[in-house]
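Read through the structure below, which is laid out as structure tokens, and then see the notes.
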Amino acid sequence: MKKHNFGAGPAVLPQEALDNAAKAVLDFEGMGISLLTCSHRTKEFQAVMDETVALFKELLHLPDNYHVVLVGGGASTQFYMVPFNLLEKKAGYVNTGVWAKKALKEAQGFGEVVTVASSEDKNFSYIPKGFDIPTDLDYLHITTNNTIFGTEYHQDIDSPVPLVADMSSDILSRPIDVTKYALIYGGAQKNLAPAGVTFAIVRDDILGKVSRHIPTMIDYRTHINEGSMFNTPPVFPIYVMRDTLRWIKNLGGVEKMYQINQAKAQLIYDEIDRNSLFKGTVAVDDRSLMNICFVPSDGHEDLYDAFMKFSKSKGMVGLKGHRLVGGFRASTYNALPMESAQALVECTQEFEKMHA
Ligand SMILES: *Cc1c(COP(=O)(O)O)cnc(C)c1O
């Protein structure tokens with residue numbers, strides 16, 4: 001049976017990227033050896049790295065003063081790499097969920113850390129707005145899409161201090177004005193590639209301002225100067241990332257991707273709002289286009305297990321909500337096909353007929 005992969009991460013990837021990766025694992029560029037056993041210093045792999053970075057810059061419309069770094073360690077390493085490189089005196093964090101909080105926690109100890117705004121009072125079910133940003137911060141950190149709670153900033157915010165964003169789960173899903181950010185980072189395993197590669201987009205003027213010693217691997221300048229080849233880069237995820245980026249470009253770029261993502265999310269949110277057995281969990285204006293959280297509606301709490309079972313029988317994978325929210329979470333990342341969104345809607349409709 002066809003599976004519909006709504007997993008939150010590692011997540012669905014474009015089929016053609018998977019097909020091509022499978023081939024490259026057996027024979028990379030006709031070299032007669034596997035991508036996995038080939039030196040990263042070959043011209044063949046260098047070409048993969050160069051194209052990946054070039055496509056990423058092109059799709060995001062990055063100006064020349066921004067550098068792209070591809071490293072290991074996941075977004076969780078960026079949680080401390082950011083303050084290591086940028087925090088001298090004081091940083092501000094917006095606390096919008098589990099990942100935002102983890103980022104904040106890692107910054108403590110590098111300097112003073114203040115929570116500029118938080119949505120913890122309502123179990124992170126909304127995005128705080130209109131908060132004052134102190135002007136004496138070295139940077140302000142936000143998490144643009146809250147993967148676990150299903151909220152997302154739909155507009156790039158204006159910040160009087162350098163803005164740092166964790167975009168692990170919404171990179172390339174909507175157009176952004178990169179010039180509003182000083183640094184953007186994320187793990188690749190939601191929207192770009194398999195786990196193992198992490199991207200950082202760094203504006204060059206923010207570096208070199210802290211007085212502490214920065215270990216070589218943690219210093220963004222190392223990876224910028226060495227073209228992300230200071231040490232062995234995560235070759236396989238970078239290869240798949242290249243093909244994901246090619247796929248987005250061929251589709252029409254981020255602007256087109258955004259239209260498709262809006263259509264997919266709208267389909268599912270409309271159904272959740274219509275279906276008497278389910279309800280959404282977050283403020284309507286802040287609903288994520290990438291992670292759609294929903295729970296059984298009041299009085300129907302006992303249908304949780306039945307829906308998990310029924311949806312599984314219809315080929316749905318990865319719908320279990322995070323334990324902090326409960327219910328269900330349909331992750332609708334870039335590579336999730338529209339037909340999967342449609343299949344989920346048909347599934348909830350059929351379930352309603354059986355139980356309402
Ligand atoms: C998944 C996720 C992370 C954690 O990424 P790792 O690469 O596993 O460290 C951080 N932030 C957000 C927003 C995420 O969705």
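The values are calculated or read from the model by the stated rules, or taken from the named source; none is laboratory data. As the structure is a prediction and not an experimental result, all values here were calculated from the model. Positions of Cβ are generated from backbone atoms using ideal geometry, with glycine treated the same way; all protein chains shown enter the neighbour counts. Note: areas computed on protein heavy atoms with side chains; ligands, DNA, RNA excluded. Shrake-Rupley method; radii C 1.70, N 1.55, O 1.52, S 1.80 Å.
Which of (1) under 20 Å from Ser168 (Cβ atoms); (2) touching a Leu at 6+ places or on another chain (Cβ under 7 Å); (3) among the basic types (Lys, Arg) does Arg246 not meet, given it meets every other one?
With respect to (1) under 20 Å from Ser168 (Cβ atoms); (2) touching a Leu at 6+ places or on another chain (Cβ under 7 Å); (3) among the basic types (Lys, Arg), Arg246 is out only on (1).
Suppose the filter is under 21 Å from Thr332 (Cα atoms) and either open to solvent by 60 Å² or more (accessible area, probe 1.4 Å) or outside any loop (DSSP other than H, G, I, E, B) (or both); does Lys23 pass it?
No: the conditions fail for Lys23.
Against the definition (farther than 18 Å from Leu87 by Cα and more than 11 Å from the ligand (Cβ to nearest atom)), how does Phe131 come out, yes or no?
On the way: farther than 18 Å from Leu87 by Cα: yes; more than 11 Å from the ligand (Cβ to nearest atom): yes.
Criteria met by Phe131.
Only one of Thr115, Thr77 is β-branched (Val, Ile, Thr), more than 16 Å from the ligand (Cβ to nearest atom) and closer than 25 Å to Ile218 by Cα; which? Please lay out each step first, then the result.
Numbers: Thr77 fails: more than 16 Å from the ligand (Cβ to nearest atom).
From the options Thr115, Thr77, the qualifying one is Thr115.
Among the residues of the range 319-356, write down those that are outside any helix (DSSP H, G or I) and surrounded by fewer than 19 Cβ atoms within 10 Å (Cβ to Cβ).
Lys320, His322, Arg323, Leu324, Gly326, Pro337, Ala356
With respect to Ala306, determine if the residue is crowded, with 20+ Cβ neighbours inside 10 Å and either within 27 Å of Lys2 (Cβ to Cβ) or free of Cβ contacts under 8 Å to residues at least 12 places away in the same chain (or both).
It is false that Ala306 is crowded, with 20+ Cβ neighbours inside 10 Å and either within 27 Å of Lys2 (Cβ to Cβ) or free of Cβ contacts under 8 Å to residues at least 12 places away in the same chain (or both).
From (1) out of contact with any Pro (no Cβ under 8 Å at 6 or more places or on another chain); (2) open to solvent by 40 Å² or more (accessible area, probe 1.4 Å); (3) acidic (Asp, Glu); (4) in contact (Cβ under 8 Å) with a residue 40 or more places away in the chain, pick out the condition that doesn't hold for Glu226.
(4)
Could you list, in sequence order, all residues of the range 212-249 that are in a loop (DSSP other than H, G, I, E, B), more than 13 Å from Phe56 (Cβ to Cβ) and polar (S, T, N, Q)?
Asn231, Thr232
Report, by residue number, each residue of the range 179-219 that is buried (at least 17 other Cβ atoms within 10 Å of the Cβ), more than 16 Å from the ligand (Cβ to nearest atom) and either without any contact (Cβ under 8 Å) to a residue 40 or more places away in the chain or under 20 Å from the mean Cα position of the chain (by Cα) (or both).
Ala182, Val202, Arg203
So, Thr135, is that one in contact with a helix residue (DSSP H, G or I) (Cβ under 8 Å, 6 or more places away or on another chain), β-branched (Val, Ile, Thr) and either open to solvent by 10 Å² or more (accessible area, probe 1.4 Å) or at pLDDT below 95 (or both) or not?
Against the criterion (in contact with a helix residue (DSSP H, G or I) (Cβ under 8 Å, 6 or more places away or on another chain), β-branched (Val, Ile, Thr) and either open to solvent by 10 Å² or more (accessible area, probe 1.4 Å) or at pLDDT below 95 (or both)), Thr135 does not qualify.
Kindly indicate which of Gly7, Gly30, Gly74, Gly97 is surrounded by fewer than 21 Cβ atoms within 10 Å (Cβ to Cβ), more than 26 Å from Asp204 (Cβ to Cβ) and in contact with a strand residue (DSSP E or B) (Cβ under 7 Å, 6 or more places away or on another chain).
Gly7
In the range 37-52, is there at least one residue being under 16 Å from the mean Cα position of the chain (by Cα) and either on the phi < 0 side of the Ramachandran plot or of a type outside the set (Asp, Glu) (or both)?
Within the range 37-52 (the criterion being under 16 Å from the mean Cα position of the chain (by Cα) and either on the phi < 0 side of the Ramachandran plot or of a type outside the set (Asp, Glu) (or both)), the answer is no, since none of the residues qualifies.
Any residue that is open to solvent by less than 40 Å² (accessible area, probe 1.4 Å), at pLDDT 95 or above and assigned to a strand (DSSP E or B) - is there at least one of those in the range 152-161? Show your work before the answer.
Restricting attention to the range 152-161, the residues satisfying the condition of being open to solvent by less than 40 Å² (accessible area, probe 1.4 Å) are 152-153, 156-157, 159, 161.
From what is left, the residues that are at pLDDT 95 or above are 152-153, 156-157, 159, 161.
After this cut, where a residue has to be assigned to a strand (DSSP E or B) as well, the list is 152.
Yes; the residues of the range 152-161 include at least one that is open to solvent by less than 40 Å² (accessible area, probe 1.4 Å), at pLDDT 95 or above and assigned to a strand (DSSP E or B).
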